[in-house]
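Here is the structure we will look at.
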Amino acid sequence: MDPLNPVTQSLLTLAGLLAGILSYHDYKAELRNAICSVGEEPGGCKLVYMLPEALVLGRVHLSQLAPIYFAFQLLLFSSYLATGSHITLLAYKILWIAGALLVPYLVYLELVKARAVCLWCTIMHIIILLQAIVLTLA
């Protein structure tokens, strides 16, 4: 298996981007319009969104950063495919590894602090970890 297969990389990144966009939608939506509602067991996304730790520097919510993170990944990988630049590939890998290192803390916030499971967060966590595993093979 080629870890840098454009189809594999693109599908993982696009799935993360979609989950990030849906997460941002739910963060901004009123409860009745949210896809992942608070009434779902075991808690839903809203409980996770309300955590003070979900704000970076007290201003930017993680749900706002998630689509940017995946869009930047898509841009870096597309740039690598177009140019073959090893610097771009290295930046791509570093961003995924940084994301993978952050996942355990985010899961802790979900499960321990919020006592909830956010569907979109979980999907993004899995994608980031899969991507990191695949990229370690490259």
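No value in this document is a laboratory result; all are computed from the given coordinates. On a predicted model such as this, the values are computed, not experimentally measured, just so you know. Every residue, glycine among them, receives a Cβ derived from its backbone with ideal geometry; neighbour counts consider all protein chains shown.
The figures follow:
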read-out: Percent RCO, i.e. relative contact order, over the chain, from Cα pairs under 8 Å lying at least 6 residues apart; value: 37 percent
read-out: Spatially proximal lysines relative to Lys113 (Cα-Cα < 28 Å; intrachain offsets below 8 disregarded); value: Lys28, Lys46
read-out: Under 14 Å, Cβ to Cβ, from Ala66 - net charge with Lys/Arg +1 and Asp/Glu -1; value: -1
read-out: Local electrostatic count, Met124, Cβ distance below 14 Å [Lys/Arg +1, Asp/Glu -1]; value: -2
